[in-house]
Amino acid sequence: MTQKLQRFGGAMFGPVMFMIFSSILIGLSSIFMNASIMGSLAAETNGWFKVWSLVSDAGYAVFNQLPIMFVASIPLKLADKAKGNASVEALLTYFVFNYYIQGILNFWGSTFNIDFSQEVGGTSGLTMIAGIKTLDMNIVGAILVASIVVWIHNKFYEKKLPDILNVFQGASLVAIIGTIVMLPLALAVCWIWPIIQQGILGMQGFLSQSGIFGIFLFTFLERITIPTGLHHFLWVPFDLGPAVVPDGNWNHWLANLNEFAQSSQPLKSLFPSGGFALYGNVGVWGIPGISLAMYKLARPENKKKVLSLLLPITITSMLTGITEPVEFSFLFLAPVMFVIHAALAALMSTILYFFGVVGYQGGGLIDYVTVNWLPMFSNHANTVITHIVIGLIFFVVYYYVFYYGFKKLNVMTPGRELDLIEGETSVLEETIDVSSEPKENNAFSAQARQILAALGGRENIAEVTNCMTRLRVTVNDETKLLTDSVFKQAKAHGVVRKGKGIQVIIGMNVENVRSEFDKLLKN
């Protein structure tokens, strides 16, 4: 079970890796399209703005298609065979699943208390996936469908059918079974998911009338529901109305910005609903603390690579409030840390509000500077300074909580490797003479060949996958493994042995080594 859970957690990293470059594009475009920073150059009619608008759209490609990214990537990690076919099967089945939902709600939406004629987005609970109008389940639906398809693929892909039906073997058989299975699943989702959505939506009245506790609960739920997509049901009524003010916190703050800036009254009395607009602070203060904890936990030889991984997504989080790249790097490995993360985010918003900090702070530093700190500083300098001081305190709190949390729970964050078990030895004392290995054009191929030999050869490999830094292997006979020094000769940083479950610590090159390793297993 541990091996399977580790394998599943590793499968979640695929889309996260694509978020890094996308985050850089979004961060840069946000700066260069901001008129407060770039002046008239960022006017919407200017060519400069239009070019950076295109760059921004390119950056959002991954985030706007995140469910499809997860559906395509999970089978590549979890399928036992024909991984490319499994990925295509999952995509097709996911589209079928959403077409089923579209048809069911189009014909019988009233039965499920869904007005399917609504526009997608907002609090409609609807979204568009690959041109299909469907329920908004975010990545939850994608992971559910992809996991089912992987199970079907592993069980039935090599199933031999009678000769007259052999055209339906392989990928076609998996797609057929998936199409059948998706119909009852779609019916169940149409019944259950709207109930969950309405439950979240119905909480807005309670939250808005619960004072400081309401702010804590609102922020906690907004953060904890991000993987499900249900967070839209929380922030949209508050940001855009009418949960606490008819025109929503966002519009109300901007419409009264000059009035608030010129007033000497406390901002909290001018904008009492502002406690529900503080949820973006986690991206500015909390996420950098998490990233620093990950960096500090990385082994010395991995720190530069980890820095290059974390720096762009952390800066993007701080500038724009897009936190998913960092959050998804540990969400599936340590869900309990994500719950702690949500609780800390809620505590930060609550304390900020308690000390009089309000304003629209659902985004990142760009919003803070342009529509909060700069306009408010002349008459509300104490509030701005209080905001920064509390934010820095929570940066430190986040760092220590996640540093010791990851360490205590043994979470394999990027670049982190477990120490080898003391006294760990192999019953075999043979070594591989690396100098005798054939010269390879691809350095990863040579490393993969040496690691395979150290693992006891191709016949000893039962299953292989990888996470961000480790080759995770299930072997048939753990006694056939060679000593740790042999793995070190193969440029592995170490080996963790847990019965037949072996983890070869490679580092950030693990994807390349895994690719060559798979080739050796096939040949």
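The values are calculated or read from the model by the stated rules, or taken from the named source; none is laboratory data. All values derive from a computational prediction rather than experimental measurement. FYI the Cβ positions are ideal-geometry reconstructions off the backbone, even for glycines, and counts take in every protein chain you see. Remember, those area values only see protein heavy atoms, side chains included, never the ligands or the DNA or RNA. Shrake-Rupley method; radii C 1.70, N 1.55, O 1.52, S 1.80 Å.
Can you give the Kirkwood hydrodynamic radius for the stretch 244-297, in Å, rounded to one decimal and based on Cα pairs?
Here the Kirkwood hydrodynamic radius works out to 13.3 Å.
How much length is gained on full extension from residue 498 to residue 65, taking 0.36 nm per residue of separation minus their Cα-Cα distance?
152.1 nm
Given Cβ point charges of +1 (Lys, Arg) and -1 (Asp, Glu) and nothing else, what value in debye, to the nearest 20, does the dipole of the stretch 31-123 about its Cα centre take?
Approximately 340 debye in magnitude.
Quick one: accessible area per residue over the stretch 166-293, 1.4 Å probe, rounded to a whole number of Å²?
Here the per-residue accessible area is 39 Å².
Would you mind telling me the share, in percent, of accessible area of the chain contributed by carbon and sulfur at probe 1.4 angstrom?
63 percent
Could you bin all the Cα-Cα distances of the chain into 10 Å bins starting at 0 and give me the percent of pairs in each, rounded to whole numbers?
4, 16, 24, 25, 18, 10, 4, 1, 0
To the nearest 10 degrees, how steeply does helix 287-297 sit against the main Cα axis of the chain, on a 0 to 90 scale?
30 degrees
Beyond 27 Å between alpha-carbons counts as too far, so tell me which of 50/304; 303/407; 77/498; 155/407; 77/500 fall in that bin.
50/304; 155/407
If you fit an axis through the alpha-carbon atoms of helix 510-522 and take the longest principal axis of the Cα set of the chain, what angle between them do you get, 0 to 90°, nearest 10?
30 degrees
Run the paramagnetic zone check for residue 270: 7 angstrom along Cα to Cβ, then residues of the stretch 341-367 with backbone nitrogen under 16 Å.
The answer is 356-361.
Run the dipole for the chain about the Cα centre, Lys and Arg Cβ at +1, Asp and Glu Cβ at -1, nothing else charged, and hand back the magnitude in debye, nearest 20.
820 debye
Please provide three numbers in whole Å: the alpha-carbon extents of the stretch 448-523 along the principal axes, with the largest listed first.
Result for the stretch 448-523: principal-axis Cα extents of 28, 26, 20 Å.
If packing is taken as the average count of other Cβ atoms within 10 Å, what order do 272-281, 455-464, 64-73 fall into, highest mean first?
Put in order of decreasing packing, that is 272-281, 64-73, 455-464.
I want the local charge near residue 123. Using Cβ-Cβ distances under 13 Å, sum +1 for each Lys or Arg and -1 for each Asp or Glu among the other residues.
-4
Compute the length gained on full extension between residue 53 and residue 336: take 0.36 nm times their separation in residues and subtract their Cα-Cα distance, giving the result in nm to one decimal.
Extending this stretch completely gives an extra 98.1 nm.
Roughly what would the spin-label model give for residue 369 and residue 21, points 7 Å off Cα along C-beta, in nm?
2.7 nm
Rank 53, 36 by accessible area, highest first, at a 1.4 Å probe radius?
Descending order: 36, 53.
How would you rank 102-111, 282-291, highest first, on the average number of other Cβ atoms within 10 Å across their residues?
My ranking of the peptides, most packed first, is 282-291, 102-111.
Show that you can apply the helix-only estimate: for the chain, add -39,500 (n - 2.57) for every DSSP H stretch of four or more residues, divide by all residues, and state [θ] at 222 nm to the nearest 500.
Estimated from H runs of four or more residues: -19500 deg cm²/dmol.
Using a 10 Å cut-off on Cβ atoms, rank the peptides 343-349, 115-121 from the highest mean neighbour count down.
Top of the packing list down: 343-349, 115-121.
Using only the alpha carbons of the stretch 297-411, what is the convex hull's orientation-averaged projected area in square nanometres?
Across all orientations, the stretch 297-411 yields a mean hull projection of 7.7 nm².
Can you tell me the Rg and Dmax of the stretch 22-86, counting just the alpha carbons, in angstroms?
Cα radius of gyration and Dmax of the stretch 22-86 are 17.7, 56 Å respectively.
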